[in-house]
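K.L.:
Before I ask anything, here is the structure I am working with.
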Amino acid sequence: MLLLSLFILSCEKPNDLTPDGGAMPAMAGYAATPNESTAAMQVDGRTPKQIPPFLTVPWKYVHTATVPLLKGLKLTSPFSIVDEHAGDISWGVGSNCYYAINTESMHFAIAGIQDVSKLTKEYLATLKFYTGGGANWAPAGSAFWTNYIPVGTVLAYKTPGGKYILVQVKSTDTLVLDIYYENALISY
């Protein structure tokens, strides 16, 4: 009996006074109390401003391709090597005696020797894009032709959807290209 009476008398009812003298809030009142996490986020009575999102790097490296002579390359995954005129670009005879990276299906522009991570879409929009032909290679010391694709040169290609694809020349002895896409990764 003693245990039963202690149990009954020591149970608190929802509206009984609490040790600090206030009443315990009912469920409806509890939901209406200020959110403690909101108060904890405030600094000196102000909510800190959210830092706006930004792109970490404007270009994302996606692939390195080695293009054989008189072959083409698809600039989209799976980056397959195809017949010379079946890809987006090809490595073959240009408009002069030397080889060229010819464009087959996209508009292209020569951005010159550039650091890809520093190129912006705004800068690319200022370049003159061509619909045919390509960037010619010429050996050092050529008396008549300029080498438009020395190692480090960036070629910009514009897809029919308006997206840019960057191709950086890594080697011309055997044509090796690094391919970059617009990076959509946003950091907060």
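The values are calculated or read from the model by the stated rules, or taken from the named source; none is laboratory data. Note that the structure is a prediction, hence the values are computed from the model and not measured. Accessible surface is based on the protein model in full, side chains and every heavy atom, while ligands, DNA and RNA are left aside. Shrake-Rupley method; radii C 1.70, N 1.55, O 1.52, S 1.80 Å.
K.L.:
Which ³J(HN,Hα) values, rounded to whole Hz and listed in residue order, are derived for the stretch 142-149 from phi using the Karplus coefficients 6.51, -1.76 and 1.60 in 6.51 cos²θ - 1.76 cosθ + 1.60 with θ = phi - 60°, glycine and proline given as x?
P.N.:
5, 6, 10, 10, 8, 7, 8, 10
K.L.:
Please work out how much accessible surface LYS71 shows to a 1.4 Å probe, ignoring ligands, DNA and RNA, in Å² rounded to 10.
P.N.:
70
K.L.:
So, taking all protein chains as they sit and a 1.4 Å probe, how much accessible area belongs to ILE165, in Å² rounded to tens?
P.N.:
The accessible area of ILE165 comes to roughly 10 Å².
K.L.:
Then there's this: Rg and Dmax of the stretch 54-188, Cα atoms, in Å?
P.N.:
Final numbers for Rg and Dmax: 14.5, 53 Å.
K.L.:
Continuing with the same structure: Which three extents, in angstrom, do the Cα atoms of the stretch 127-188 have along their principal axes, listed largest first?
P.N.:
Per principal axis, max minus min of the Cα coordinates gives 51, 23, 18 Å.
K.L.:
Quick check: with the 1.4 Å probe, what order do TRP91, TRP137, TRP145 take by accessible area, largest first?
P.N.:
TRP145, TRP137, TRP91
K.L.:
Related question: Excluding ligands and nucleic acids, what accessible area in Å² is computed for TYR98 using a 1.4 Å probe, to the nearest 10?
P.N.:
60
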